[in-house]
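J.: One structure coming up, written as structure tokens, with questions to follow.
The values are calculated or read from the model by the stated rules, or taken from the named source; none is laboratory data. Here the structure is a predicted model, which is why all the values come from computation and not from measurement. Here the Cβ positions follow ideal geometry from the backbone for every residue, glycine too, while neighbour counts run over all protein chains shown.
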Amino acid sequence: MADESIDKDRRRFLTGSTAVIGGAGLIITAIPFVSTWLPSARAEAAGAPVKVNLAKIEPGQRLAVLWQKQPVDIVNRTPEQLKWLPKQDSRLRDPGSKDSQQPKYCQNPWRSIKPEWLVFVDICTHLGCVPDYHGAIKPQPFDPDWKGGYYCPCHHSRYDMAARVYDGVPAPLNMVVMPYHFVDDAHIEIGVDPSDDEVKQIIAANAKLAGQQKGAAA
């Protein structure tokens with residue numbers, strides 16, 4: 001059966017270190033461990049929130065951490081990557097994320113609190129594999145019109161730079177965006193929602209920005 005051909009190694013998560021991955025998704029650079037990026041084993045087992053320092057993540061780079069034993073990706077999206085997001089809508093299964101899981105403050109064109117920062121659970125919604133990051137905007141063997149995103153080689157599901165699934169692939173839904181908030185401009189906390197007042201401000205600000213961009217594109 002096809003399911004038996006899944007590369008089970010792709011279901012194993014890297015738990016001993018943290019890595020930043022460049023925009024092309026080809027070079028992995030180890031970076032020093034910072035205690036605030038990952039919780040202790042006891043805190044992780046309890047599902048404690050994870051605080052992450054964003055300062056060293058350059059545009060186009062990705063940081064992978066663990067939260068509740070799940071791989072979470074944090075991507076500092078470039079202006080070019082953001083530019084292509086609305087142009088992918090016609091190719092996506094759920095472009096408005098109406099059937100997918102994310103907090104209400106992330107149900108916007110970027111699926112994020114701030115447009116440049118994508119934060120989500122990097123687990124394919126097909127069979128739970130961990131898709132690879134391919135951030136470079138260039139033709140790929142799996143998509144000649146690739147505009148950056150994630151590719152799962154197990155069964156060839158593809159996601160854009162907002163973790164939204166393309167149509168015509170096995171994965172049924174966009175990847176999950178879990179609760180998180182910005183502690184300050186350089187730090188986020190995964191697993192904790194913003195305050196009610198902050199949620200209102202985030203939704204209003206992103207609605208205004210989406211409207212401005214839609215008007216500029218018309």
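J.: Taking the condition surrounded by 18 or more Cβ atoms within 10 Å (Cβ to Cβ), acidic (Asp, Glu), in contact with a Gly (Cβ under 7 Å, 6 or more places away or on another chain) and closer than 27 Å to Leu66 by Cα, does Asp132 pass?
T.: no
J.: Something else now. In the range 66-83, how many residues are surrounded by 18 or more Cβ atoms within 10 Å (Cβ to Cβ) and not in a loop (DSSP other than H, G, I, E, B)?
T.: Of the residues in that region, 9 qualify.
J.: Next up: Just to be sure before I move on: is Gly148 touching a helix residue (DSSP H, G or I) at 6+ places or on another chain (Cβ under 7 Å), in contact (Cβ under 8 Å) with a residue 24 or more places away in the chain, on the phi > 0 side of the Ramachandran plot and buried (at least 24 other Cβ atoms within 10 Å of the Cβ) in the structure I sent?
T.: The answer is yes for Gly148.
J.: Next question, about the same structure. Within the range 69-91, restricting attention to residues that are among the charged types (D, E, K, R) and under 13 Å from the mean Cα position of the chain (by Cα), which residue is farthest from Lys114 (Cα to Cα)?
T.: Going through the qualifying residues, I end up with Asp73.
J.: Given (1) modelled with pLDDT of 90 or more; (2) touching a strand residue (DSSP E or B) at 6+ places or on another chain (Cβ under 7 Å), where does Lys104 come up short, assuming only one miss?
T.: (2)
For (1) out of contact with any Ser or Thr (no Cβ under 8 Å at 6 or more places or on another chain); (2) part of a loop (DSSP other than H, G, I, E, B), each residue gets a yes or a no:
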{"residue": "Arg111", "(1), (2)": "no, yes"}
{"residue": "Pro115", "(1), (2)": "yes, yes"}
{"residue": "Phe120", "(1), (2)": "yes, no"}
{"residue": "Cys129", "(1), (2)": "yes, yes"}
{"residue": "Lys147", "(1), (2)": "yes, yes"}
{"residue": "Leu173", "(1), (2)": "no, yes"}
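J.: All but one of (1) farther than 27 Å from Arg158 by Cα; (2) crowded, with 16+ Cβ neighbours inside 10 Å hold for Asp196; which doesn't?
T.: For Asp196, the exception is condition (2).
J.: Give Val34, Val52 a once-over and let me know the one that is modelled with pLDDT of 95 or more, hydrophobic (A, V, I, L, M, F, W, C) and not in a helix (DSSP H, G or I).
T.: Selected residue: Val52, the only one of Val34, Val52 that is modelled with pLDDT of 95 or more, hydrophobic (A, V, I, L, M, F, W, C) and not in a helix (DSSP H, G or I).
J.: Just one of (1) closer than 14 Å to Cys129 by Cβ; (2) under 14 Å from the mean Cα position of the chain (by Cα) trips up Ala162, so point out which.
T.: (1)
J.: Right, next: I'm trying to understand the selection: among the residues of the range 180-204, which are in a loop (DSSP other than H, G, I, E, B) and within 16 Å of Gly47 (Cα to Cα)?
T.: Correct list: Gly191, Val192, Asp193.
J.: Check off (1) modelled with pLDDT of 95 or more; (2) touching a His at 6+ places or on another chain (Cβ under 7 Å) for Asn174 and give me the number that stays unchecked.
T.: Against the list (1) modelled with pLDDT of 95 or more; (2) touching a His at 6+ places or on another chain (Cβ under 7 Å), Asn174 comes up short only on (2).
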